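Please read the structure below before turning to the comments.
The values are calculated or read from the model by the stated rules, or taken from the named source; none is laboratory data. Keep in mind that what you see is a predicted model, and the values were worked out from it rather than measured. Note: ideal-geometry Cβ built from the backbone for every residue, glycine included; neighbour counts use all protein chains shown.
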Amino acid sequence: MKISKELLDNIQCFEEVIGYTFENKELILEALTHSSYSNENKRFHFNERFEFLGDSVLGIVVSDYLFKEERNQPEGELTKMRATIVCEESLSEVAGELKLGEYMLLGKGEEATGGRRRISILADATEAVIAAIYLDGGIKCAREFILKFMGEIIKDARVGNIFRDYKTHLQEVLQGMGENNIWYNLIDENGPDHNKSFVMQVGVGSRILGTGEGKSKKEAEQFAARDAVRKMR
């Protein structure tokens with residue numbers, strides 16, 4: 001399939017973000033194509049098959065890494081670590097770091113309802129990107145991508161520092177330090193009413209500890225708390 005200049009420019013920008021250049025551009029184009037876009041543009045293949053493969057590649061890379069690095073851990077603990085790493089929350093976190101939603105091809109309806117920020121779409125697309133890298137460059141390149149962009153998540157999982165409720169965890173940490181004056185402030189909101197994003201800050205007293213952005217104020221607070229927890233480490 002001939003790829004338009006506009007799409008090639010989009011691909012090139014994404015390649016710069018991930019630090020990998022595709023020999024076969026059609027692979028990453030398919031990985032970035034959501035089913036809603038394919039439904040409106042029939043010549044485009046969407047990324048669900050890539051998600052299937054990417055999930056398996058991610059699983060084997062993480063399993064291999066944990067098996068080699070955690071030599072004293074039993075099977076049960078390794079399984080728990082892997083489950084914490086290979087999950088929708090972690091994948092969507094990587095997608096956020098890469099700003100993956102900005103590069104995806106979405107149908108008009110999905111775009112209008114906030115698809116570029118939908119966690120399930122972003123997590124699936126991250127798996128699809130892993131598959132595209134694997135098909136283009138092999139397991140070595142896929143492993144390098146995974147360990148580069150999931151390195152902090154893997155590190156946190158290994159030492160038990162992944163918390164899905166970051167607000168509660170941050171509160172416990174601060175209270176343990178004698179800090180009780182914890183606050184969250186809305187500092188910005190963007191987008192139309194049907195697709196808003198919110199930016200929150202968290203702090204104690206006069207100190208700002210972290211900032212986060214989300215599709216709701218509660219989600220933004222969680223991301224701000226996560227930012228604070230990571231900085232405090």
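Values as computed for the structure displayed
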{"quantity": "Cross-chain or 6+ apart pairs with Cβ under 7 Å, region 101-125 first and at positive phi, then assigned to a helix (DSSP H, G or I)", "calculated": "GLY114/ASN195"}
{"quantity": "Unmet criterion (only one of (1) of a type in the set (D, E, K, R); (2) within 21 Å of SER92 (Cα to Cα); (3) surrounded by 15 or more Cβ atoms within 10 Å (Cβ to Cβ)) for ARG49", "calculated": "(3)"}
{"quantity": "Residue satisfying all of: in region 142-154; of a type outside the set (D, E, K, R) and surrounded by 14 or more Cβ atoms within 10 Å (Cβ to Cβ); farthest from SER90 (Cα to Cα) among these", "calculated": "ALA142"}
{"quantity": "Filtered residues of region 169-212 (kept if under 20 Å from LEU122 (Cα atoms) and in contact (Cβ under 8 Å) with a residue 24 or more places away in the chain)", "calculated": "HIS194, ASN195, SER197"}
{"quantity": "Unique match (being in a helix (DSSP H, G or I), on the phi < 0 side of the Ramachandran plot and either modelled with pLDDT of 95 or more or within 21 Å of the chain's Cα centre (by Cα) (or both)) among ILE154, ILE162, ILE208", "calculated": "ILE154"}
{"quantity": "Elements of type helices (runs of 4 or more DSSP H) in region 1-113, at least 2 residues being aliphatic (A, V, I, L, M) and modelled with pLDDT of 95 or more", "calculated": "5-18, 25-31, 48-69"}
{"quantity": "Positions within region 18-46 being exposed (fewer than 15 other Cβ atoms within 10 Å of the Cβ) and under 19 Å from LYS99 (Cα atoms), in sequence order", "calculated": "GLY19, THR21"}
{"quantity": "Residues of region 155-211 that turn out to be within 22 Å of ARG118 (Cβ to Cβ) and charged (D, E, K, R), as a count", "calculated": "7"}
{"quantity": "Filter result for the condition that a residue is in contact with an Asp or Glu (Cβ under 8 Å, 6 or more places away or on another chain), among the aromatic types (Phe, Trp, Tyr) and under 24 Å from LEU27 (Cβ atoms), over PHE145, PHE46", "calculated": "PHE46"}
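Table: residues versus (1) among the aromatic types (Phe, Trp, Tyr); (2) buried (at least 16 other Cβ atoms within 10 Å of the Cβ); (3) closer than 20 Å to ALA95 by Cα.
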position	(1), (2), (3)
GLU172	no, no, no
ASN181	no, no, no
ASN195	no, no, yes
VAL199	no, yes, yes
VAL202	no, yes, no
GLY205	no, no, no
LEU209	no, yes, no
LYS218	no, no, yes
ALA225	no, yes, yes
